[in-house]
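J.: Structure provided below as structure tokens; questions to follow.
The values are calculated or read from the model by the stated rules, or taken from the named source; none is laboratory data. Since the structure is predicted, the reported quantities are computational estimates derived from the model, not experimental observations. Positions of Cβ are backbone-derived with ideal geometry, glycine not excepted, and every protein chain shown enters the neighbour counts. Remember, those area values only see protein heavy atoms, side chains included, never the ligands or the DNA or RNA. Shrake-Rupley method; radii C 1.70, N 1.55, O 1.52, S 1.80 Å.
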Amino acid sequence: MPSSQVAPPPERFNFAHHLLQRNAARAGKMAFIDDQGSLAYGALDERVRRLASGLKGLGLKREERVLLLMQDSCEWPVAFLGAMYAGIVPVAVNTLLTPDDYAYMLEHSRAQAVLVSGALLPTLAAAMVKSDHEVGKVIVARPAAPLQPNEVELEAFLAAHAPATKPAATAPDDPGFWLYSSGSTGRPKGTVHTHGNPYWSSELYGMGILRLTENDVCFSAAKLFFAYGLGNGLTFPMSAGACTVLMAERPTPEATFRRWLGRTAGGTCPRPTVFFGAPTGFAGMLASPALPARSEVALRLVSSAGEALPAELGERFKAHFGVDIVDGIGSTEMLHIYISNLPERVRYGSTGWVVPGYEVELRGEDGLPVPDGEIGDLYIQGPSSAIMYWGNRAKSRETFQGGWTKSGDKYMKNADGSYTYGGRSDDMLKVSGIYVSPFEVEATLVQHPAVLEAAVIGVSDADGLVKTKAFVVPKAGATASEDELKAFVKDKLAPYKYPRLIEFVAELPKTATGKIQRFKLREREAQGQ
């Protein structure tokens with residue numbers, strides 16, 4: 001629904017308190033289930049307030065930061081919401097990075113404490129050795145080894161502090177939390193979101209588009225430290241009073257299927273009714289010999305983001321499970337999805353329609369709107385936009401332009417008002433003076449029965465002219481020749497779009513969210529490797 005139809009948060013607003021109050025009557029209902037147990041809404045409320053009290057007891061003040069380096073578990077929402085409840089800013093970070101990355105994030109955020117999973121404590125310790133920034137206290141969830149003097153076990157920390165009696169008197173525009181954008185080049189950017197931002201994304205997309213209810217069981221392949229996963233696994237389900245299944249391990253097809261069938265690593269769970277995934281994951285699932293039958297799962301709604309969903313994947317998924325994949329686009333900067341297909345109206349091959357409450361513009365190189373049917377740079381305006389990149393004025397000005405946020409994506413508006421993805425702005429190719437979308441070529445290649453994944457980049461020939469090159473990952477046991485794949489693309493797209501070069505590879509470089517890193521393929525080509 002439009003933002004004008006959603007009541008804005010009050011002048012005094014603490015998002016963690018908002019979620020707890022919204023579920024005050026559900027004390028006995030399960031909020032989170034992980035591989036080792038579960039957490040009811042009532043127990044979550046108490047633990048959040050105990051953590052808030054403990055962080056304040058350490059001397060942390062309003063708007064100071066705490067690093068949150070934790071695997072998806074019942075402790076994650078306690079850590080995230082506990083900090084926000086106290087007016088302290090949790091900085092949720094990717095669990096798959098290196099000590100050098102965490103050393104940078106500690107220094108960049110100036111985190112005063114760290115909340116960490118025991119399994120990740122050695123990596124954090126290595127980062128702290130590399131960093132010049134001093135951290136006061138490290139709070140460890142499920143420690144796997146004896147702790148050092150500056151470390152404390154989370155359960156003991158919670159038990160030592162009485163629950164806070166009231167939340168910090170924050171406002172909707174006060175800093176609420178940070179997320180680091182993955183970025184395609186350079187250091188990750190500390191994206192600052194407010195207390196009001198997750199309220200708006202939950203109301204406009206989680207409730208307005210997905211229409212989650214307290215009867216849903218949500219499960220997300222994307223982890224909580226991602227903007228996509230944070231909405232899927234925490235803010236949306238809690239806004240609806242639903243239950244979330246959390247998974248610490250990698251979202252392989254087999255691990256995902258176990259949860260779909262009601263099994264965790266440590267026992268059982270309700271079968272998810274809502275699943276949030278990404279195109280790379282769906283491709284792997286559909287190629288897996290362990291793919292469950294339609295009758296074995298309880299899915300009523302499936303969402304996709306991270307990269308545009310090839311139509312062929314959505315159609316194959318629907319044919320097998322009888323459920324559409326609702327594709328959309330969001331970003332770390334906008335917190336979640338702002339263009340989306342609808343559960344009742346899916347147009348495969350497109351990203352769907354603008355989510356009510358947001359506005360978009362497609363602009364040309366001159367900065368002016370482009371006509372419908374032409375590709376332009378995507379700009380978004382909406383109430384969930386981040387306020388800045390911390391300590392990076394140049395990038396902030398480049399991305400956050402008045403009321404508009406520059407996405408870095410190329411899009412085209414269709415006659416029915418839907419939008420079709422044209423690739424990243426830095427991935428678009430101009431061949432013989434005509435734009436070619438890498439995604440369009442990739443989406444065509446994966447329709448071939450022998451192709452699992454593909455990535456397309458531009459390479460320069462001897463004359464310095466750009467030609468398209470495709471890196472193709474074949475399906476297990478399948479083969480296809482270069483000429484066969486070229487002819488396949490020529491048959492489906494305008495002839496100039498076919499890849500002039502094809503290289504077969506075992507895997508493609510990707511971010512932790514599963515996005516293909518085409519810039520790494522470009523670097524590889526430039527180095528002649």
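J.: Please compute, over every Cα-Cα pair in the range 418-493, the percentage with a separation greater than 18 angstrom.
T.: Working: 1204 of 2850 pairs.
Pairs farther apart than 18 Å: 42 percent.
J.: Out of the DSSP beta bridges found with both residues in the chain, what percent are antiparallel (nearest 5)? Please list the in-between numbers first.
T.: On the way: 51 of 88 bridges.
Antiparallel: roughly 60 percent of the beta bridges in the chain.
J.: Whenever you get a sec, line up MET84, MET428 from highest to lowest accessible area (probe 1.4 Å, protein heavy atoms). Let's see the in-between values first.
T.: Details: MET84 0, MET428 25 Å².
My answer, sorted largest first, is MET428, MET84.
J.: Just to confirm, what accessible area per residue do you get for the chain at 1.4 Å probe, in whole Å²? Intermediate results must be reported in sequence, preceding the final value.
T.: Working: 20960 Å² over 529 residues.
That works out to 40 Å² per residue.
J.: List, in order, the whole-Hz ³J(HN,Hα) value for each residue of the range 352-365 obtained from phi through the Karplus relation with A = 6.51, B = -1.76, C = 1.60 and θ = phi - 60°; use x for Gly and Pro.
T.: Listing the rounded values in order: x, 10, 4, 5, x, x, 10, 10, 10, 9, 10, 10, x, 5 Hz.
J.: Continuing with this model, one more query. If packing is taken as the average number of other Cβ atoms within 10 Å across a peptide's residues, how do 321-328, 133-140 rank, most packed first? Present the calculation step by step, with values, prior to reporting the outcome.
T.: Values: 321-328: 21.2, 133-140: 18.1.
Per-residue mean Cβ counts within 10 Å order the peptides as 321-328, 133-140.
J.: Just subtract the alpha-carbon distance of GLU361 and GLN447 from 0.36 nm times their residue separation and send over the number in nm, one decimal.
T.: Details: separation 86, 0.36 × 86 = 30.96 nm, distance 3.08 nm.
Between GLU361 and GLN447, full extension yields 27.9 nm more.
J.: Could you give each residue of the range 30-43 its phi-based ³J(HN,Hα) in whole Hz, using Karplus coefficients 6.51, -1.76, 1.60 with θ = phi - 60°, and x for Gly or Pro?
T.: 3J(HN,Hα) across the range 30-43, in whole Hz: 5, 9, 9, 10, 10, 6, 10, x, 9, 9, 7, 4, x, 5.
J.: Once you order the gyration tensor axes a ≥ b ≥ c over the Cα atoms, which shape class does the chain get: rounded for a/c under 1.5, otherwise prolate or oblate by comparing a/b with b/c? Walk me through the intermediate numbers first.
T.: Working: a/c = 1.59, a/b = 1.54, b/c = 1.04.
Taking the square roots of the gyration eigenvalues as a ≥ b ≥ c, the chain is prolate.
J.: List the residues, sorted by chain then number, that are 5 or more residues from PHE32 or on another chain and whose placed amide H is less than 5 Å from its amide H.
T.: So PHE32 has HN proximity to LEU39, THR244.
J.: Return the subset of LYS469/LYS520; LYS29/LYS56; LYS430/LYS497 for which the Cα-Cα distance in this structure is over 19 Å, preserving the input order.
T.: Working: LYS469/LYS520 14 Å; LYS29/LYS56 29 Å; LYS430/LYS497 10 Å.
Beyond 19 Å between Cα atoms: LYS29/LYS56.
J.: Can you give the calculated 222 nm mean residue ellipticity of the chain, where each DSSP H run of n ≥ 4 adds -39,500 (n - 2.57) and the sum is split over every residue, rounded to the nearest 500 deg cm²/dmol?
T.: On the way: 16 runs with 141 residues, N = 529.
It lands at -7500 deg cm²/dmol.
J.: Let me ask you something else. Tell me which residues come under 5 Å, amide H to amide H, from THR351 once H is placed; ignore anything under 5 positions away on its chain.
T.: When sequence neighbours closer than 5 places are left aside, the close amide H contacts are TYR419, THR420, TYR421.
J.: Still on this structure, I have one more. With +1 assigned to the C-beta of every Lys and Arg and -1 to the C-beta of every Asp and Glu, and no other charges, what is the dipole magnitude of the range 377-522 about the Cα centre in debye, to the nearest 20?
T.: Details: 21 positive and 17 negative charges, 102 e Å.
My answer is approximately 500 debye.
J.: Order these peptides, 149-157, 34-42, by their mean beta-carbon neighbour count within 10 angstrom, highest first. Walk me through the numbers before you get to the answer.
T.: Working: 149-157: 15.4, 34-42: 17.8.
Listed from highest to lowest mean packing, they are 34-42, 149-157.
J.: Subtracting the Cα-Cα distance from 0.36 nm times the residue separation, let me have the gained length for GLU315 to LYS430 in nm, one decimal. Mind dumping the intermediate values first?
T.: On the way: separation 115, 0.36 × 115 = 41.40 nm, distance 2.98 nm.
Value of the extension gain: 38.4 nm.
J.: Let me ask you something else. Counting only protein heavy atoms, what percent of the accessible surface of the chain is carbon or sulfur at a 1.4 Å probe?
T.: 50
J.: Charges on Cβ only, +1 for Lys and Arg, -1 for Asp and Glu, centred on the Cα centroid of the range 20-118; of THR95, LEU20, MET70, which one is farthest towards the dipole's positive end?
T.: It is LEU20, whose Cα lies furthest towards the positive end.
J.: Rounded to the nearest 20 Debye, what is the dipole magnitude of the chain about its Cα centre when Lys and Arg each give +1 and Asp and Glu each give -1 at the C-beta? Provide the component values of the computation, followed by the final result.
T.: Values: 54 positive and 57 negative charges, 155 e Å.
With Lys and Arg at +1 and Asp and Glu at -1, about 740 debye.
J.: Related question: Determine, for each peptide in 58-68, 195-205, the mean count of other beta carbons within 10 angstrom over its residues, then list the peptides with the highest first.
T.: Working: 58-68: 19.3, 195-205: 25.6.
Answer by packing, highest mean first, reads 195-205, 58-68.
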